[in-house]
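Have a look at the structure below before the remarks.
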Amino acid sequence: MCGIIGYISRTGKPDEHHLQQGIEALEKRGPDSSGIYIDKNVGLGFRRLAILDLSTHANQPMTLADHSVSLVFNGEIYNYKDIRKSLNLDSLQSTSDTEVLLKGYEKKGNSIVSELDGMFAIGLYDKIKNKIILARDHFGKKPLYYYHDSHTFAFASEIKALLQIPDVKKHLEIDPLSISKILFYGYIPSPHSIFGQIKKLEPATCLEFSIEQWRISNKTLFWNLHEMSCKTPESEEEVLSTLDHLLRQSVKKRLISDVPVGMFLSGGLDSTLVGSYLKKLDCSVDTYTVSYSTDKNIDETKFAKIAADRFGLNYHFCEFDSSHVLPNFIEIMDYLDEPLADAAIVPLYFLSKQAKQDFTVTLSGDGGDEVFGGYTKYKVQYLIEKLSLLKFLIPALSRLPLKGNIEKLLNSFHLPLAQRQFILGSGSFLSKEASEILLSSFPPEKVFEDAVSHLASFNSDDVINSCLFLDCKIQLPDWYLVKGDRATMANSQEMRTPLLDKNLTEYLFSLPGNYKVRNGEAKYLEKKLLAKEFPREFVNRRKRGFGVPLDSWIKNELKEVFNEYLFEDHGYFNMKYVKQLHDEHLAGRKNNQFKLLRIFTVNHFLNKWA
């Protein structure tokens, strides 16, 4: 796991000092070593977190012997040994996946990307063809940003590295549309970023930049879940047997490492499912769980202990009390270089910090909700689409003095599925609220353009699968996987997600939606698998998620820091309305915790980075 950067100047040799500064900005992603490669007007930089082949032979940037191709690469290729064998790659200098990737490109060109199984962000310089190639993994587990103007093309793992290049920074402007998107999503969907001139490379995408023509010459998807054909299997037992095999293989390949591997065991169903396959693989690892001993409403250590004991895993409970809130909140907010409104990143960052003492690689249950169907909003979306006659009642009901999720449901009932998907079940502002708080007008069709476009490509009338597809295209890569990547990489730790395995997800998306949500029961298949290991009361308990008491934090531990940032006027928000939201929350009249966090993250970013 690493941090990468590329700096290509149209007018001559890139400034090595600025390239070095960009590398240093990525130090936490790779504290073990660093390197620079410069050829003519192309500069590549790299920070390494050594996972496979700890020798210097695996250091980057890595270049072919004839100097025709150079590579920087962040991630892990789990099937690199298979690729090495299939391409007859002999006499390699290392046992790393990086060298296999480099030699694989030499033999197959861009098409090698479609054969990769893993998580990756790739930056490659082909000297002969005079082009840069960027590629990002299937779900966007590894981040990759890029910038392009008439003089500079640059890319990096994080925005903070690009900001070290003056030729980039001096041309950047905040994108007002992205501010609007944050109020609804809580993050910024790809390909957008907080800066109008910086783009995120979308998941499963390969981009070619022609240095000679100075333009993006090609940009293609190499994999897409909408291409999975839906089929009805012969029997439920057949499905469960196939899933058992795929899960076993998924966990097994993610244990490949030359450094210690551990696990985040939340006590929820997803991480418990991953833990069950550690037992089946006869692999005993240390697990870490956040403990909230003073707040039993969100503490799940009881269930984490049951799972760990059942699977024979060593467990560590990390007490997260009031004294930990403020310092960890500030540390991770300072590390983020783009607004991300998810308070769960705070205990996750704290947990990673504790776990790093024992292991560098960690498994997690991230992605289980999006592929097995775990969110309540999926059931709600299904009912809305199937009971469309209820829409005649909505105008009257929406005028009633309702609050919270009911108000949100009624006010978004009339919206298309793609827009509802990112309002239901989140801390989203309603359109009328966004109109009040934003000083500039926002076009709703632009705010949700990404969701509408993705859904249009999903040629299926299966409501549940459509919802899962949307979340896999937007919510996962730009919210939850960002949260996991930044929280762990801030501690120089790598997170792996077995439930987002390519083969596993392809199979799950080939199944009808009622295999994920059936008769109102979420995660139908996942619960069937776990029912073989646990009693009904464990499997069918109410979903809690990775919850945090943000409501209380804003009133207590984070009161001063919220007061400091909420009311800074950067020209985007109606400060009178911000004060109203804050006053309502402190007085207990309304729970505005998620809305206040979205405003906070924007203002904090503008203070630190803009």
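Pick out, in residue order, every one of the trypsin sites (Lys or Arg not before Pro) in the range 180-278 that is DSSP loop and has at most 15 other C-beta atoms within 10 Å; say none if there are none.
Values: sites: Lys181, Lys199, Lys200, Arg215, Lys219, Lys231, Arg248, Lys252, Lys253, Arg254; in loops: Lys231, Arg254.
Those satisfying the criteria are Lys231.
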- Task: Report the calculated FRET efficiency for Glu173 and Lys280 (r = Cβ-Cβ distance, R0 = 56 Å), to the nearest 0.05.
- Result: 0.60
- Return the FRET efficiency for the residue pair Asn574, Val452: r is the Cβ-Cβ distance, R0 is 22 Å, and the value is rounded to the nearest 0.05. 0.20
- Task: Obtain the nm distance between the two label points defined at Val259 and Asp32 by a simple spin-label model: each point lies 7 Å from its Cα along the Cα-to-C-beta direction.
- Result: 0.5 nm
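Helix-only mean residue ellipticity at 222 nm, the chain, DSSP H runs n ≥ 4 weighted -39,500 (n - 2.57), per residue, nearest 500. What is it?
Values: 28 runs with 245 residues, N = 610.
Rounded to the nearest 500, it is -11000 deg cm²/dmol.
Find out how many positive minus negative residues lie around Ala50, taking Lys and Arg as positive, Asp and Glu as negative, among other residues whose Cβ is under 10 Å from that of Ala50.
Values: positive: Arg48; negative: Asp32, Asp53, Asp258.
Result for the neighbourhood of Ala50: -2.
How much length is gained if the chain between Glu106 and Ile216 is pulled fully straight, taking 0.36 nm per residue apart and subtracting their Cα-Cα distance, in nm to one decimal? Please report the intermediate quantities before stating the final value.
On the way: separation 110, 0.36 × 110 = 39.60 nm, distance 2.13 nm.
Using 0.36 nm per residue and subtracting the Cα-Cα distance, I get 37.5 nm.
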- By how many nm would the segment from Thr56 to Thr232 grow when fully extended, if each residue of separation counts as 0.36 nm and the alpha-carbon distance is taken off? 58.3 nm
- Ordering 238-245, 53-60, 71-78 by per-residue average of other C-beta atoms within 10 angstrom, highest first, gives 71-78, 53-60, 238-245
- What's the center-to-center distance, using Cα atoms, between the range 102-147 and the range 410-488 in Å? 29 Å
- Which FRET efficiency, nearest 0.05, do Glu433 and Glu506 yield, Cβ-Cβ r, R0 41 Å? 0.55
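Report the extension gain between Ser86 and Leu417 in nm, rounded to one decimal, defined as 0.36 nm multiplied by the number of residues separating them, less their alpha carbon distance. Could the numbers behind the result be given before it?
Values: separation 331, 0.36 × 331 = 119.16 nm, distance 4.39 nm.
Computed gain between Ser86 and Leu417 is 114.8 nm.
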- Structure shown: which of Lys160/Lys595; Lys141/Lys296; Lys181/Lys579; Lys181/Lys555 lie over 29 Å apart, alpha-carbon to alpha-carbon? Lys141/Lys296
- Output ordering of 315-323, 298-306 (per-residue mean of other Cβ within 10 Å, highest first) is 298-306, 315-323
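Read-outs: derived from the displayed coordinates by stated rules, not from any lab. The structure presented is a predicted model; accordingly, all values stated were derived computationally and were not measured. Cβ coordinates were reconstructed from backbone atoms using ideal geometry, including for glycine residues, and neighbour counts include every protein chain displayed.
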